[in-house]
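Below is one structure, written out as structure tokens; the observations come after it.
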Amino acid sequence: MSTTVTTKEPASGIRRAAAGGQAGDSVFSALSLGAGVLILAVLAAVAVFLSLQALPTFRAPAEEISGGAGFFSYIWPLVIGTVVAALIALVIATPLGILVALYISHYAPARIAKPVGYIIDLLAAIPSVVYGAWGTTVLASSLVPFYTWAAEHLGFIPIFSGPASQTGKTMFTAGIVLAIMVLPIITAMSREIFIQTPKLHEEAALALGATRWEMIRMTVLPFARPGIISSVMLALGRALGETMAVALVLSSGPLMASLIQSGNQTIAAEIALNFPEAYGLRLSELIAAGLILFLITLVVNMIARAIIARYKEFSGAN
Amino acid sequence: MSKRIDVDNLNVYYGDFLAVEDVKMGIDARSVTAFIGPSGCGKSTFLRTLNRMHEVIPGARAEGQVLLDGEDLYGPGVDPVVVRSMIGMVFQRPNPFPTMSIRDNVLAGVKLNSKRISRGDADALVESSLQGANLWNEVKDRLDKPGSGLSGGQQQRLCIARAIAVKPDVILMDEPASALDPISTLAIEDLINELKQDYTVVIVTHNMQQASRISDRTAFFNIQGTGKPGKLIEYGPTSEIFSNPKQQQTEDYVSGRFG
Ligand SMILES: Nc1ncnc2c1ncn2[C@@H]1O[C@H](COP(=O)(O)OP(=O)(O)O)[C@@H](O)[C@H]1O
Ligand SMILES: [Mg+2]
């Protein structure tokens, strides 16, 4: 596109180059402005669509909503289920992802680091329905002994209260499957940032007599902190919205504290399981649930940005 | 506190490439020793073997002996981490930790190995280290601001404060003023002059006037061509190296007649 603009000018040294550069600049800035506006427009359209379709739910009398006690009573168990599943995933995947990334970037010899990094990247390419199938057929049943043990010995903690599920299709299993699914996001992004830590600062730490772990704590982790937060938030977004894996793995039911019994449900899985047969008010209800999920994700992102902004003054950027 | 260094038979390799060959040299305590020579002759490489910082580079290794007051730094069971806490280093580009305040930068080395230090002791150490680096008056009102907000020359003096806060025996400097303006350079040179009251200072510089201004002894390194190892050509009192060198190569280099 920019070539057609530049060839219009007569060939005469520096003027032509300057004019071509300016035309290229304005074309590029128009394109990028257009792309930015388009993204905002799509986002607004989605929000408007969700709101309009959800409107009947908010207007309907309480007894017509599923459960018969209004939209709030219907949605809050799903919100909690969604958040809990995502939190289980992050509690497992964040430390593991960071450790694996550190191992690849700062401990493993190159001939091991490369294949390990490659395998982690491959995990991200596996479709979520495969994770769901694996979780429900293999993982769930193999976790049953652990759940039985937990119910017996840790049952006094509400999240482990028995009787344990004998199929293993529980919230905890769903959380573990989600953890494996978001692990590549955290690992790949963290590793990318860990290896960008300036050598200059790593050497400063080592020259003061820091061990390798102390060097990582003094330079690599602080340098990477905004990146780690971004990767965790991205992973959280993925875990909140993940549908297939949860729908297949979880034997859903009403909200309950125990994570090792059947029960609980997430918004995304609720929508996926019910959408095909829904019409009328039920359809509007599910879309309203989708709107709530959209808002949760939005809030999560805003919190992430606020956290990153707080560290700006001390970031490596200045 | 300040110790002497004796190097014997030292060879340094990057993989199979012999970068520095057969160095033998004694460095006095409480003195400034300058390394000069053309670029690529192995000054930085040799300097790094004096606190085992070369081991950070994959494939780099040293053979031979480096004695710190008679103790072999390469002896069996010697931990490079301990060596580096006794022999500090200042780099060519100022490298304060960007995520730390000025105060935390000074204390960074002191807090290693989970050492605890009381608030009062820490304050005193921050002040004395910054005084020692001629930086106290410029930063005493903004100790909690990031170190990366200082000018280049101030950052370099902060790095020197950070190095002396751990009370090393020796301070190694690799072209510490080459990225700085003339006024900051002068400030660093003045500081080096004061540091030799308490420390053994070894400095690499490509600036011969600087070497003659600040050092007691000078070592001239040279290289016969690319791919050849760097060698120590001549080592002696700075005045002799510059006014009355024994080797023709040295004379060619210090008189600027270098090919
Ligand atoms: N990290 C490295 N890997 C391989 N070779 C290196 C490395 N650093 C330096 N060298 C080589 O070692 C020789 C000496 O380099 P250096 O010590 O940096 O010289 P100087 O500091 O005197 O300019 C040069 O030939 C250089 O190419
Ligand atoms: Mg050098």
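Read the figures in this text as sums done on the coordinates, not as results from a lab. A quick note: this is a predicted structure, and the numbers were derived from the prediction, not measured. Cβ atoms come from the backbone with ideal geometry, glycine included; neighbour counts cover every protein chain shown.
What Rg and what Dmax come out for the stretch A:210-318 when only alpha-carbon atoms are used, in angstroms?
Using the Cα atoms of the stretch A:210-318, the pair Rg, Dmax is 19.6, 65 Å.
On average, how many beta carbons from a partner chain sit within 10 Å of the beta carbon of a residue in B:80-93? Before the final figure, lay out the partial values.
Details: counts 3, 8, 1, 1, 6, 4, 1, 2, 3, 5, 2, 4, 1, 2.
What the average comes to for B:80-93 is 3.
Each residue of the stretch A:258-267 in order: what ³J(HN,Hα) in whole Hz does its phi give by Karplus 6.51 cos²θ - 1.76 cosθ + 1.60, θ = phi - 60°, with x for Gly and Pro?
5, 9, 10, 10, 5, x, 6, 7, 10, 4
Among B:194-202, B:167-175, what's the highest-first ranking by average C-beta atoms within 10 angstrom per residue? Could you put the intermediate results ahead of the total?
On the way: B:194-202: 20.1, B:167-175: 22.6.
The most tightly packed comes first, giving B:167-175, B:194-202.
If packing is taken as the average count of other Cβ atoms within 10 Å, what order do B:136-149, A:232-245 fall into, highest mean first?
Working: B:136-149: 16.1, A:232-245: 21.7.
Going by the mean number of other Cβ atoms within 10 Å, highest first, we get A:232-245, B:136-149.
Semi-axes of the equivalent ellipsoid for the stretch B:17-68, please: Cα gyration tensor eigenvalues, times 5, square-rooted, ordered largest first, whole Å. Display every interim value, and only then the final one.
On the way: eigenvalues 71, 41, 23 Å².
Value: 19, 14, 11 Å, ordered largest first.
Return the distance in nm (one decimal) between the two label points of a simple spin-label model at B:E194 and A:T211, each offset 7 Å from Cα along Cα→Cβ.
Each label point lies 7 Å from its Cα, and together they span 3.6 nm.
Binning at 10 angstrom from zero up to the longest distance, how are the C-alpha pair distances of the stretch A:55-181 distributed in percent?
11, 26, 28, 23, 8, 3, 0
Name the residue from A:F49, A:I303, B:M100 whose Cα lies farthest towards the positive end of the charge dipole of the protein assembly as shown, charges +1 on Cβ of Lys and Arg and -1 on Cβ of Asp and Glu.
Of the listed residues, the answer is A:F49.
Using alpha carbons only, how many angstrom separate the centre of the stretch A:249-308 from the centre of the stretch B:182-203?
Centre-to-centre (Cα) distance: 65 Å.
Taking each residue in A:216-226, count the Cβ atoms of any other chain within 10 Å of its Cβ, then average. What number comes out? Don't skip to the answer; put the middle values down first.
Values: counts 0, 1, 8, 6, 0, 1, 4, 3, 0, 1, 0.
Per residue, the average neighbour count from other chains is 2.
Cross-link partners among aspartates and glutamates for A:K199, C-alpha distance below 19 Å, same-chain residues fewer than 8 apart left out?
A:E214, B:E55, B:D174, B:E175
I want to verify the translational diffusion coefficient of the stretch A:166-226 in µm²/s; compute it with Stokes-Einstein, Rh as the Kirkwood radius over Cα pairs, at 20 °C and 1.002 mPa s. Write out the running numbers ahead of the final one.
Values: Rh = 13.8 Å.
For the chosen part, D equals 156 µm²/s.
Taking the C-alpha atoms of the stretch A:60-317, how large are the radius of gyration and the largest Cα-Cα span, Dmax, in Å?
Using the Cα atoms of the stretch A:60-317, the pair Rg, Dmax is 21.0, 70 Å.
What does the structure give for A:141-150 when I average, per residue, the other chain Cβ atoms found within 10 Å of the residue Cβ? Write out the running numbers ahead of the final one.
Working: counts 0, 0, 0, 0, 0, 0, 0, 0, 0, 0.
Average neighbour count from other chains, rounded to a whole number: 0.
If I model a spin label as a point 7 Å beyond the Cα along the Cα-Cβ vector, how far apart are those points for B:D72 and B:N244 in nm?
3.8 nm
Given the C-alpha centroids of the stretch B:84-135 and the stretch A:39-104, what is the distance between them in whole angstrom?
The distance from the Cα centre of the stretch B:84-135 to that of the stretch A:39-104 comes to 48 Å.
Which distance in nm do the two modelled labels at A:S141 and B:E55 give, with both placed 7 Å along the Cα-to-Cβ direction?
According to this spin-label approximation, the distance is 5.3 nm.
May I ask you to order A:219-225, A:127-133, B:242-248 by the average number of other C-beta atoms within 10 Å around their residues, highest value first?
Values: A:219-225: 22.7, A:127-133: 16.3, B:242-248: 13.7.
So the order, starting with the most tightly packed, is A:219-225, A:127-133, B:242-248.
Send over the per residue convex hull volume for the stretch B:5-254, Cα only, as a whole number of Å³. Numbers along the way, then the final one.
Working: hull volume 32.3 nm³, N = 250.
Once divided by residue count, the hull of the stretch B:5-254 is 129 Å³.
May I ask which of B:K43/B:K167; B:K167/B:K246; B:K3/B:K24; B:K167/B:K228 have a Cα-Cα span longer than 29 Å here?
Numbers: B:K43/B:K167 25 Å; B:K167/B:K246 37 Å; B:K3/B:K24 17 Å; B:K167/B:K228 38 Å.
Exceeds cut-off: B:K167/B:K246; B:K167/B:K228.
What number in nm² do you get for the protein assembly as shown if you take the convex hull of its Cα atoms and divide its surface by four?
Values: hull surface 154.4 nm².
Directional mean of the projected Cα hull area for the protein assembly as shown stands at 38.6 nm².
Amide H neighbours of B:A60 under 5 Å, at least 5 residues apart or on other chains, H built in the peptide plane: list them.
Under 5 Å from the amide H of B:A60 lie the amide H atoms of B:G15, each far enough along the sequence or on another chain.
Any chance you could tell me what percent of the C-alpha pair distances in the stretch B:59-105 go past 12 Å? If you can, show how the numbers build up before the last one.
On the way: 809 of 1081 pairs.
Cα-Cα pairs of the stretch B:59-105 separated by over 12 Å account for 75 percent.
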